[in-house]
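We did not get these values from a lab; they are worked out from the coordinates using the rules stated. All values derive from a computational prediction rather than experimental measurement. Cβ: placed from backbone, ideal geometry, glycine included. Neighbour counts: every protein chain shown.
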Amino acid sequence: MTTHPGGIQEGSAGGALATAVHRVADPAPLGLAAFAMTTFALSIANTNIWGAGADAALALALVYGGAAQLLAGMWEFVRKNTFGALAFSSFGAFWIAYYVFVKFVAPGVKPSDAPVAVGVFLLGWTIFTAYMTVASLRVSGAVVAVFVLLTITFVLLTVGAFHSNETWTKAGGWIGLATAAAAWYASFAGVVNETFKKPLIPTMPLAPR
């Protein structure tokens, strides 16, 4: 069997197999950038630096952090990257769920029930992020930093939600900004290293060779 330009494979029996070979670009820089920007906007609001950042976060949650990151997860499935597929698909869904919760669910929740509603939502994501942190230990140092910081962020925000404590929520906002910075770094490294075809920006790969 021989392969001709364009990816068309020709069988030994003489029949042409129209099998195009497609190389899927790495979707991780997109997923990380989408996550970073949306996390940045919401964390800006949680720290009370600019409270209106929550409005920006809501828009980003649906389109960039949500839809674009979800697409990145689907492309990771194509690349057979289980970790990337689960992480990006889940956090894309997280941001879409956040949009749905704020726009459609929260207005109908009684004020007395709001702390539990928000707390349970965040607690579930805390658990998910914590066990994904374990899996990230075989990806790279840059990704581990994102997941460790994100787990801390969710813990602080969860406690703040259950206790309606602004101090905990602000602390979560500050760690959230660090999380966004780490995710932007990982995205930056991914796109630069892929574009230049050499490891210019260190990410400290942890997967066995």
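A few comments on the model shown:
- Histogram of C-alpha separations across region 74-149, 10 Å bin width, %: 17, 40, 27, 14, 2
- Near Ser140, the amide H atoms lying under 5 Å from its own belong to Leu206; only residues 5 or more places off or on other chains count, and H is placed 1.01 Å from N.
- Gain on full stretching of the segment that runs from Arg209 to Ala97 - 0.36 nm per residue minus C-alpha separation: 36.6 nm
- Cross-link partners of Lys198 among lysines, defined as those whose alpha carbon lies under 27 angstrom from its own and excluding same-chain residues fewer than eight positions apart: Lys80.
- Label-point gap, in nm, between Val192 and Arg23 - each point 7 angstrom along Cα→Cβ: 2.2
- Think of it as helices only: each DSSP H run of n ≥ 4 in the chain is worth -39500 (n - 2.57), and spread over all residues that comes to -22000 deg cm²/dmol at 222 nm.
- Basic side chains Lys and Arg get +1 at the Cβ, acidic Asp and Glu get -1 at the Cβ, and with that the dipole of region 28-196 about its Cα centre reaches some 200 debye.
- Karplus (6.51, -1.76, 1.60) ³J(HN,Hα), θ = phi - 60°, over region 128-143, in Hz, Gly and Pro reported as x: 4, 5, 5, 7, 5, 4, 4, 5, 5, 5, 10, 9, 6, x, 5, 6
- Projected label points at Thr167 and Val105, each 7 Å from Cα along the beta carbon direction, are separated by 2.9 nanometres.
- Derived scalar couplings ³J(HN,Hα) [region 106-122; Karplus, 6.51 cos²θ - 1.76 cosθ + 1.60; whole Hz; x for Gly, Pro]: 3, x, x, 8, 5, x, 6, 9, 4, x, 6, 4, 5, x, 5, 4, 6
- Evaluated at q = 0.08 Å⁻¹, a Debye calculation over the C-alpha positions of the chain (equal weights, vacuum) places log10 I(q)/I(0) at -0.33.
- Euclidean distance of C-alpha centroids, region 136-195 and region 65-89, integer Å: 18
- Taking the square roots of five times each eigenvalue of the Cα gyration tensor of region 101-204, the equivalent ellipsoid has semi-axes of 33, 13, 12 Å, listed largest first.
- 0 to 90° range, to nearest 10: angle between helix 166-196 axis and the chain longest Cα axis: 10
- Nearest 10 degrees, 0 to 90: helix 69-78 Cα axis against the chain principal axis: 30
- The phi-based Karplus calculation (6.51 cos²θ - 1.76 cosθ + 1.60; θ = phi - 60°) puts the 3J(HN,Hα) values of region 85-91 at 4, 5, 5, 5, 5, 5, 6 Hz, whole numbers, x for Gly and Pro.
- Asp113 versus Ala130: modelled label distance in nm, points set 7 Å from Cα along the beta carbon direction: 2.6
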